[in-house]
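Remarks on the structure that follows.
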Amino acid sequence: MLEILSRMQFAFTIAFHFIFVPLTVGLIIIIMMFEIRYFIKDDDRFRMLSNYFSDIFLINYAFGIVTGIAMTVQFGTNWAPYTVAMGEVFGSPLILEVIAAFFLESTFTGIWLFRRHSLSRKLRLFTISMITLGTMLSAMWIISANGFMQHPVGAVWDGSKIILEDFWELFFNPYTWHMYVHNHLSALLLAGFVVLAISSWQFLKGKEEHKHLFELSAKYGAWTILVAGILLPITGNSYLDYLNVVQPDKIAMITGLTSGGLKTVVRISFGSMVGLGSVFIVISGYTIIFFKKFVKSETLHKIYIWLVPLPYLAIIFGWMVTEFGRQPWIIYKIMKVSDGISIVPVSQVWFSIISLVILYAILFIMDYVLTISRIKKGIIEPNGGEDNG
Amino acid sequence: MGSATLASIAFIIISFTWIVYIVQEMFITGSSALNMAVSENEAERKQIQVISGLHFDGIEVWLLAALTLTLGLFPIVFAETFTYLYVIFFLLLYAIIGRGVSIEVIYKLDSKKWVKAMVITWTVSSALLIFILGVYLSNIFYGFPLDSSGEMASNYFSLFNITGIFGGLFFLSSALVAGAGWIKINTTGNVGDKAVKVVKKYGIIYIMFFSLMITVMGFNNTDASIYIGELFSKSIVFFVLPIITLVFALITLYSGFKEKGKSLFIFGLLTMAFFLITGFVGIYPYMVPSNILLSNGITIYDAVVSNKAVNVVLIVVIIFYPMIFLYQGWKYKNFTKKVNLNDE
C-alpha cells in the first residue's frame with residue numbers, strides 16, 4: 001500500500017506541476033519574440049501583445065513555481081532511500097537548477113510582475129531575456145537529473161550508493177540532450193497552440209479595435225506550431241535511434257515486440273503522440289497558407305479553442321513513453337522504484353495524498369478561472385505605475 | 001582539501017544559505033502578516049502587496065537552495081529529517097503554496113469575495129510559514145530524539161516542545177517587527193506609521209524579546225542546550241554570539257518603543273541573523289544533533305558526500321552566489337522605491 005500511495009502521490013504532483021510548466025516555458029519564448037520586435041522597431045503593437053500574454057504567463061508561473069516545490073519535499077519525505085542512495089549524483093543537477101537558474105528566473109519575474117510598465121524598452125527586453133534564460137537553464141538541469149535516471153553515466157554504483165566519477169560526463173549525457181531539445185520544442189508547440197487559440201477567441205468575441213493585434217499573434221502562434229511541429233519528429237527520430245542503443249527494452253515496447261500491461265500503454269501512448277504531432281502540422285500549415293480565410297472563419301476559431309487540450313495530451317503521452325518505458329527502474333538497471341520508498345506510517349501518506357488532492361483541485365480551479373477571465377478581458381492599457389490590478 | 005575540511009565548508013555553505021533566506025523571509029512574511037492589521041482599504045493593502053510581492057519570488061529560492069544543498073551534500077540528513085518530519089514538511093509546503101499563489105493573484109479578479117479569500121490566505125500562510133520555520137530551526141539547534149540505532153525515539157509531535165514553540169513565536173514576532181520596519185521604510189502615507197504602532201501597541205516587540213530569551217535558555221524536556229556541539233565547550237569566546245544576539249534584541253525592543261521604523265528593521269534583522277549564527281555555530285559539527293545522547297547525532301563527517309561531489313557544489317557556489325548577490329542587490333537598489341497610495 002505504501003508503495004502504491006507514494007508512487008501515486010508523486011505521479012499526481014508531477015503531472016499537476018506539468019500542467020503549468022510547458023506553457024510558461026514555451027510562452028516566455030514567444031513573449032520574448034514580441035519584446036525583440038518592440039525593442040528593434042519600437043512598434044507599440046508588440047508591447048501590447050507582450051503585456052497581454054505576459055499576464056497569462058505570470059498567472060501560470062505562480063502556480064508552476066509553488067507546485068514544483070512539492071517534488072523536492074517528496075524526495076525527502078517519500079523517497080528517502082532513493083535520496084540516500086542517489087543524493088550525491090542526483091543532488092548536483094537539482095542544486096544547479098536552483099542556484100544557476102531558478103534565482104535568475106524568479107528574481108526577474110518579480111520585476112516583470114510588479115514593475116514592467118515603468119521599465120524602459122531596453123530594461124524590458126533585458127528582464128524578459130533573463131526570465132527566458134532562467135527557464136531554459138532550469139529545464140535543462142531538471143532534465144539532466146531525469147537523464148541520469150534514464151541512462152546513468154558519470155558515476156559508479158558501490159552496491160549501496162552511487163558515487164560521482166565525472167561531472168562532465170554527467171552533464172554531457174546524450175540522453176539528457178535528446179530529451180531536452182525534444183521537450184523544449186514540445187513546450188513551444190503547446191504555447192504556440194495556446195496563443196493561436198486565444199487569438200481565435202479574440203476574433204470571435206474580443207474588442208473590435210484590438211482584432212488587428214490578434215492577427216499578428218495568431219500568425220506568431222501558427223508559425224511557432226509549424227516550426228516546432230516539423231522539428232519534433234526530426235529530433236524524435238534521432239532520439240529513437242539513440243534509444244535503440246541505450247534502452248532497447250523501451251524500443252521493444254514502442255514497436256510492440258513486447259506487450260501486456262504498461263508495455264502496451266507505452267506503445268499506444270507513442271502512437272497517439274505521433275498521430276497528434278501530424279495533426280498539429282496540418283492545422284498550422286493550413287492556418288498559415290489560408291490565413292485570410294482563417295481570420296474570417298468562425299468555425300475554425302471555435303475548433304482551435306476546443307483543440308487546446310490536444311498538445312497537452314501529446315506531451316503527457318510523450319512523458320508516459322519515457323517514464324513507463326523504464327519501469328521497474330528508478331535508476332535504469334541500477335535501482336528499482338520499489339527500493340526507493342520511505343518507510344513511513346501509511347496514515348501519514350494518506351494524509352498528504354488526500355490533502356494534496358484537495359488543495360490541487362482548488363488550485364486548478366483558481367488557475368482556470370484566473371486564466372480564462374484574464375483572456376476575456378483582452379488588451380488592457382496600464383495607467384502607469386504598478387501592474388497588480 | 002581533505003574531506004573533513006570539505007565537510008565543514010559544506011556545513012558553512014548550508015548555514016549561510018539558511019541565514020540569507022530567513023533574514024529576508026522575515027520581513028516579507030512579517031509585512032504580509034501585518035496587512036490586515038494595518039491597512040484600512042485596498043489602496044493601502046496594495047502598497048504592502050507590492051513591497052513584499054516584488055521580492056518574495058527571488059527570496060523563496062534561497063529556501064529551495066538550502067533544501068537542495070542539504071539533499072546534494074548530506075543526503076542522509078535530508079532523508080532522515082524529512083521522513084521524521086513528514087507532516088510538518090507538508091504543512092510547510094502548503095504554507096509556501098498558499099503564500100506564493102495568493103500574494104500574486106489578490107487583485108486579479110474583480111470580486112470582493114475573491115480579494116477577501118486571497119487576503120486571508122496570504123496573511124495566514126505567511127504567519128504559518130515563518131512560524132513553522134522557527135519551530136523547525138530551533139529544534140535543529142537543540143537536536144532531535146535520535147536514539148543509538150539512528151531511529152527517532154518519538155514522533156514529530158515532539159517538535160512542539162517548549163523551546164520549539166517559543167522558537168516559532170520568536171520567528172513570527174521578529175518577522176512582524178522587521179516587517180513593520182520594512183513597511184515604514186518603503187511606503188508613503190499612513191501604513192508605515194500604523195505598522196510601527198501596531199507592533200508596539202500589541203506588545204509584539206516584548207514577545208520577540210521574551211521568546212528569544214526562552215529559546216536561548218532552552219527550557220526543554222531534555223537537558224540539551226543550544227550549544228550542543230563542540231565549539232562552545234572549546235572556547236568561551238563563542239559566548240559573545242548569544243550576547244550580541246540579546247543586545248541586538250534589546251536595541252530592537254528600544255527602537256520599537258521609540259517607534260523608529262528604520263532601526264526596527266535593521267536591528268530586527270541583525271537579531272535574527274545572530275540568533276541563527278549562534279545556533280549553527282552551536283551545533284557544529286552535527287547536522288542532526290541528538291538530544292538523547294550527543295554521540296547518537298549525525299555529524300557532517302558521517303553524512304557528507306564524496307570529495308568530488310562537494311567540489312562540484314563548491315565551484316557552483318563560488319561562481320553563482322556572487323552573481324546572485326549582484327543581481328538581487330541591483331534589484332533591491334533599483335526597485336525599492338517608496339510605494340505611494342494608488343500607485344497605478
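The values are calculated or read from the model by the stated rules, or taken from the named source; none is laboratory data. Remember, it's a predicted structure, so these values are computed and weren't measured experimentally. Note that each Cβ is placed from the backbone with ideal geometry, even for glycine, and that neighbours are counted across all protein chains shown. Only protein heavy atoms, including side chains, enter the accessible area calculation; ligands, DNA and RNA are left aside. Shrake-Rupley method; radii C 1.70, N 1.55, O 1.52, S 1.80 Å.
Some notes on this structure:
- Listed conditions (1) within 20 Å of the chain's Cα centre (by Cα); (2) within 14 Å of chain B (Cβ to nearest Cβ); (3) of a type in the set (Gly, Ala, Ser) are all met by residue A:352, apart from (1).
- Flag for residue A:54 being more than 14 Å from chain B (Cβ to nearest Cβ) and in contact (Cβ under 8 Å) with a residue 12 or more places away in the chain: no
- Apart from one condition, residue B:121 fits all of (1) more than 11 Å from chain A (Cβ to nearest Cβ); (2) free of Cβ contacts under 8 Å to residues at least 40 places away in the same chain; (3) hydroxyl-bearing (Ser, Thr, Tyr); the exception is (1).
- Odd one out for residue A:342 among (1) within 26 Å of residue A:22 (Cβ to Cβ); (2) hydroxyl-bearing (Ser, Thr, Tyr); (3) not in a helix (DSSP H, G or I): (1)
- In the range B:294-312, the residue that is surrounded by the most Cβ atoms within 10 Å (Cβ to Cβ) out of those that are in contact with a strand residue (DSSP E or B) (Cβ under 8 Å, 6 or more places away or on another chain) and not in a helix (DSSP H, G or I) is B:305.
- Matching residues in the range B:119-130 - criterion: being of a type outside the set (S, T, N, Q) and surrounded by fewer than 23 Cβ atoms within 10 Å (Cβ to Cβ): B:119, B:120, B:124, B:127, B:128
- Residue within the range B:313-329 that is over 20 Å from residue B:58 (Cα atoms), open to solvent by 30 Å² or more (accessible area, probe 1.4 Å), in a helix (DSSP H, G or I) and touching a residue at least 40 places away in the same chain (Cβ under 8 Å) present: no
- Among the residues of the range B:61-109, those identified as among the small types (Gly, Ala, Ser) and either more than 7 Å from every other protein chain (Cβ to nearest Cβ) or under 19 Å from the mean Cα position of the chain (by Cα) (or both) are B:65, B:66, B:95, B:98, B:100, B:102.
- Residues satisfying the criterion are present in the range B:308-320 (criterion: in contact with a Phe, Trp or Tyr (Cβ under 8 Å, 6 or more places away or on another chain) and closer than 30 Å to residue A:129 by Cα).
- The range A:70-115, residues that are outside any helix (DSSP H, G or I) and either within 26 Å of residue A:35 (Cα to Cα) or open to solvent by 10 Å² or more (accessible area, probe 1.4 Å) (or both): A:79
- Where helices (runs of 4 or more DSSP H) fall wholly inside the range A:160-265, the ranges with 2 or more residues that are over 26 Å from residue A:325 (Cα atoms), away from chain B (no Cβ under 14 Å) and open to solvent by 60 Å² or more (accessible area, probe 1.4 Å) are A:211-246.
- Given (1) open to solvent by less than 20 Å² (accessible area, probe 1.4 Å); (2) over 28 Å from residue A:90 (Cα atoms); (3) out of contact with any strand residue (DSSP E or B) (no Cβ under 6 Å at 6 or more places or on another chain); (4) not hydrophobic (A, V, I, L, M, F, W, C), index of the condition residue B:57 fails: (2)
- Check on residue A:379, within 28 Å of residue A:194 (Cβ to Cβ), more than 11 Å from chain B (Cβ to nearest Cβ) and touching a residue at least 12 places away in the same chain (Cβ under 8 Å): yes
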